[in-house]
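Below is one structure; the comments refer to it alone.
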Amino acid sequence: MFKENDSKNWNEGFENRSKEIMDLDGTNVRLSFLDKKVLYVHPVHGGTYKVISQGIIEGLRNLVCEVYTAKADQDVANLAAQINPDLVLVLLGDTFPIDQVKAIRAMGIKTAVWFTDDPYYTNVTTKKAPYYHYVFSQEISCVSYYQLLGSPQVHYLPLAVNTKVFHYQREDDSFLLDVCFLGTAWNDRISLFDQIAPYLFNKNVLIVGPNWNRMFNYYLLSNKIRLEVLSPEESARLINQSKIVINNHRSYDDNTVFNNNSNKLPALSINPRTFEISACGAFQLSDVRQELNRYYERGKEIETYSSPSELIEKIDHYLSHEDERNMIARKGHSKTLKMHTYSKRLVTLLNVIFG
């Protein structure tokens with residue numbers, strides 16, 4: 001039998017905080033799912049996925065009356081049979097067996113999966129998608145592709161920010177760093193930083209992530225690079241300590257073993273780092289993705305660059321224009337807390353399923 005607050009298996013939360021909430025388009029919507037039970041299945045992976053799961057679970061507890069959680073490697077179908085939830089929501093779904101999905105559907109329970117690594121994982125996710133009632137992808141280019149594969153209900157749902165981890169932490173206006181970048185050294189990123197390395201040589205810069213020693217100009221920046229993977233909490237602290245945070249999206253066709261996108265589906269949507277940087281109240285310089293304008297106003301809530309030379313020009317400009325830099329950071333921070341939390345995303349998801 002299911003045991004309440006069994007930390008090894010599942011835990012339960014009860015909270016009803018509001019009858020109305022603002023949807024993604026800024027309008028107030030009446031919630032029709034407060035009396036629902038949701039069983040959330042989180043991946044076996046930790047790190048970023050753990051932070052996403054924390055945000056989703058907290059968001060669900062704000063929106064429905066009962067929330068249960070389980071890991072993808074547990075007998076979720078058996079738990080579903082015991083508690084009879086209105087929805088089983090699976091994150092990523094790469095290690096969640098299809099037989100479990102089929103068993104849950106056979107009970108008449110709604111199933112949904114939220115893919116968070118598209119398009120870089122579509123070799124895997126395309127084999128999973130057709131078995132769910134509802135498919136949500138954080139990449140808009142994948143929606144029509146899943147539909148072509150036979151998924152009847154496919155929806156674009158970008159990721160958001162877990163504000164318990166990524167939030168404003170500075171006690172004053174002092175910074176330890178002029179510029180920082182956090183992330184893996186994919187080939188396009190190496191090309192970018194190789195080109196701006198001579199400029200960064202004389203700046204107070206920190207680059208953190210694996211494989212940056214593959215840079216041609218690594219010798220110029222070796223004392224400014226940490227070849228490690230930070231925890232989300234450490235990432236948030238560094239973002240807060242930086243005057244400028246560079247955000248560079250991964251190319252859809254990077255030729256690494258970690259890219260499972262053999263169909264070369266384009267990457268048009270923004271990464272979760274965009275929301276995380278802004279949630280920390282930090283100023284970010286981001287490359288441009290097609291969907292960026294949907295979420296932030298360029299030049300007012302976020303700043304962008306389209307070439308290495310423009311990146312250098314804008315770093316120079318905003319390092320010497322503190323008031324302008326801080327104003328953009330504040331507006332981006334306000335927009336993020338208002339529109340880009342997991343509670344907001346889950347309003348959209350639950351409205352699709354129960355609305």
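The values are calculated or read from the model by the stated rules, or taken from the named source; none is laboratory data. Just so you know, these numbers come straight off a predicted model, no measurement behind them. We place every Cβ from the backbone using ideal geometry, glycine too, and count neighbours over all the protein chains shown.
If residue 327 meets every condition in (1) within 22 Å of the chain's Cα centre (by Cα); (2) of a type outside the set (Phe, Trp, Tyr); (3) more than 22 Å from residue 208 (Cα to Cα); (4) modelled with pLDDT of 95 or more apart from one, which number is that one?
Evaluating residue 327 over (1) within 22 Å of the chain's Cα centre (by Cα); (2) of a type outside the set (Phe, Trp, Tyr); (3) more than 22 Å from residue 208 (Cα to Cα); (4) modelled with pLDDT of 95 or more leaves (1) as the failure.
Does residue 207 satisfy the criteria of being touching a helix residue (DSSP H, G or I) at 6+ places or on another chain (Cβ under 8 Å), among the β-branched types (Val, Ile, Thr) and under 26 Å from residue 49 (Cα atoms)? Lay out the reasoning, then the answer.
Working: touching a helix residue (DSSP H, G or I) at 6+ places or on another chain (Cβ under 8 Å): yes; among the β-branched types (Val, Ile, Thr): yes; under 26 Å from residue 49 (Cα atoms): yes.
Yes, satisfied.
Just checking, which of 86, 99 is of a type in the set (Asp, Glu), closer than 18 Å to residue 72 by Cβ and surrounded by fewer than 20 Cβ atoms within 10 Å (Cβ to Cβ)?
99
Enumerate the pairs (first residue in region 216-238 and under 18 Å from residue 278 (Cβ atoms); second residue anywhere and among the aliphatic types (A, V, I, L, M) and assigned to a loop (DSSP other than H, G, I, E, B)) with beta-carbon separation below 8 Å, excluding pairs fewer than 6 apart on the same chain, so at least 6 apart or on different chains.
232/165; 233/165; 236/165; 238/230
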